[in-house]
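Notes to accompany the following structure.
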Amino acid sequence: MPAMRELDYAALRRQARWRWAGLLLLFVSLYGAAQFLNLNLSPILTRAGWDSALGILSGLLKPDFSPDFLRRIFSLTLESLCIGLVGGALALLLGAGMALCIIRVPDLVEPPQFAPLWRRLGFAMLRQVLRILLAGLRAVPEIVWAYVFVRLFGLGVLPAVLAIGLTVGASIAKLFAELAEAVDARPLQTMRAAGAGRSALLLFGVLPQVARQWLAYALFRLECNIRSGAILGVVGAGGLGSEIVLALRYFQYDKLATALLAVLCLTLMLEFCSARLRRLSPRTVLMALTASALTALYFLDAPWRDLLQPAGMSLLSFDAPLQLDTLRHATRLVLDTLVMAWCATWLAAGGALLLAPLAARQLRPAGYLPDAVRPPGWRSWLDQTGQIICRSLTQVVRALPELCLALVFVVWVGAGPLAGILAIALHNLGVLGRLYADVLEEAAPAPVAALQSMGLGRLGCFMFGVWPQVRARLAAFTLYRFEVNVRVTAMMGFVGAGGIGDALHTAISLFHMQDLSALLLTMALLVALVDALGDRVRSALLRTDQLSTAQTPDAAQVATRLQAQT
């Protein structure tokens, strides 16, 4: 039996104190955020709020299945599907094209000759310009672009396609470039030594290594695109969103239930198809996506000729110097957006942390030991039922878009930041619950099995065997969702749920281009800052976790200490 490694218990105690201090700081920040936003929870508990909630619930439990309305919902569902497919194809073309331009291809340590100085400077300037452009496009949510394009080209599906293409294309380009720059450099250096140029390196050295990763992310973004195509109709960009807004405006909750069921069924169908496609070869997946996009383009009734006409208004305007009051107001709205995203993210993380262990398959009696004593029949049935319920709950709330949930909460608790926080938190409860459960299931089984063989229960196995392995990755996922939620929160104001979206909606509606410019500029700077800080914090968390793994007690040491304490 190998000797147990010596442990630095003083270092472990210091790490524990830092974790408790961080947890205390988190609670203090959430309390300060609630005070900053002047959150009032009374609408959730008042009689009027419960009456509104019961009215919504009673309507949602009686969907409208009349033949005429079902035909309309089916038509709008197909339109949302076509919007997502065509917008996703446009985003994939733009993203892949821009990614190939900004990828830094590794060179030899001592190249035989350097490229001309003008060429190297030209490529460096092109990469920087494209990266700044991508950061700006990524900073503006799809709904803002959709509303701008509605003002430019009128109502219809074209604004939704363009909005998805621009925003998602920028995100795809950033991730594609990061994946390509992380490939094994040795084959590329071998090809470079043989005289291969940049195009050959990208085509025969980079793409074969990242093809599956690129297509997997493209399929994931396709699901998000079709979900976005279903909600951009709230600003007049076609799809199911237009029917959702009409149903809420006229308090027709039976029609709202049917529209939300259509969104849910569409999302579940996409996840099923995406899971099937991931098992196929990259060439087959690419052919299937191309055929789907071309079919959707044929059936989508979009006025493509309008793109050739000059736009009716300028998107940005800096003709006059920005006023101090305008910048101060924009900064306040951006801070509201940031604080809303912070509260919603950690509210969802707390719920997901309770939900994910119940949804994880291994965290059940006898989950890690093949010869363990099985629980009684009713206990096993109860565990399986609880797991199915938790997984179904995460699936349902994840499938409903944040904007649809925000519309419902605005009716329930009234307009304001509280509705936006609750909507984002509920959606992210499903997202983080699924991500957390996947991370818990990937934990190494040997330490947990050793603890379970010593007689520890489920809570002890989780706290001493699973939690030390996964806490850094869970924190990294949470911070990533916070970055995403900062952009999502900007959409909430379009339906009266707080944040900067209300001011953006007003500026675009009244053609106040100076205010719009200030708001978008401030929003872009905030998103860029959050992205940069998020990358650094996630890297530090994962690096700290790797360094502390060597000092973390293994299962045998934990079991020995527990026996000594008892």
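Side notes on the structure shown:
- In the range 178-190 there is no residue matching the filter, namely being of a type in the set (S, T, N, Q), under 23 Å from Val488 (Cα atoms) and either assigned to a helix (DSSP H, G or I) or in contact (Cβ under 8 Å) with a residue 12 or more places away in the chain (or both).
The rows are residues; the columns are (1) crowded, with 20+ Cβ neighbours inside 10 Å; (2) assigned to a loop (DSSP other than H, G, I, E, B).
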site: Thr478; (1), (2): yes, no
site: Arg481; (1), (2): yes, no
site: Val486; (1), (2): yes, no
site: Gly499; (1), (2): yes, yes
site: His505; (1), (2): no, no
site: Leu520; (1), (2): yes, no
site: Ala532; (1), (2): no, no
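- Val470 being closer than 29 Å to Asn40 by Cα, among the β-branched types (Val, Ile, Thr) and either assigned by TED's automatic domain parsing to the domain that holds Pro357 or surrounded by fewer than 19 Cβ atoms within 10 Å (Cβ to Cβ) (or both): no
- Contacts under 9 angstrom Cβ, first residue in the range 401-423 being of a type in the set (Lys, Arg), partner in a helix (DSSP H, G or I) and modelled with pLDDT of 80 or more, 6 or more apart: none
- Selection count where residues are without any contact (Cβ under 8 Å) to a residue 60 or more places away in the chain and either under 19 Å from Cys390 (Cα atoms) or within 19 Å of the chain's Cα centre (by Cα) (or both), scope the range 440-468: 2
- Test result for Arg332, assigned to a helix (DSSP H, G or I), at pLDDT 55 or above and closer than 23 Å to Leu30 by Cα: yes
- The residues in the range 257-297 that are in contact (Cβ under 8 Å) with a residue 60 or more places away in the chain and aliphatic (A, V, I, L, M) can be counted, and the count is 15.
- Counting the residues of the range 131-169 that are surrounded by fewer than 24 Cβ atoms within 10 Å (Cβ to Cβ) and not in a helix (DSSP H, G or I) gives 5.
Residues checked against (1) assigned to a helix (DSSP H, G or I); (2) of a type in the set (D, E, K, R):
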residue: Arg221; (1), (2): yes, yes
residue: Asn225; (1), (2): yes, no
residue: Ala237; (1), (2): no, no
residue: Ser242; (1), (2): yes, no
residue: Val245; (1), (2): yes, no
residue: Lys255; (1), (2): yes, yes
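The values are calculated or read from the model by the stated rules, or taken from the named source; none is laboratory data. Predicted model only: the values in this text are computed from it and were never measured. Every residue, glycine among them, receives a Cβ derived from its backbone with ideal geometry; neighbour counts consider all protein chains shown.
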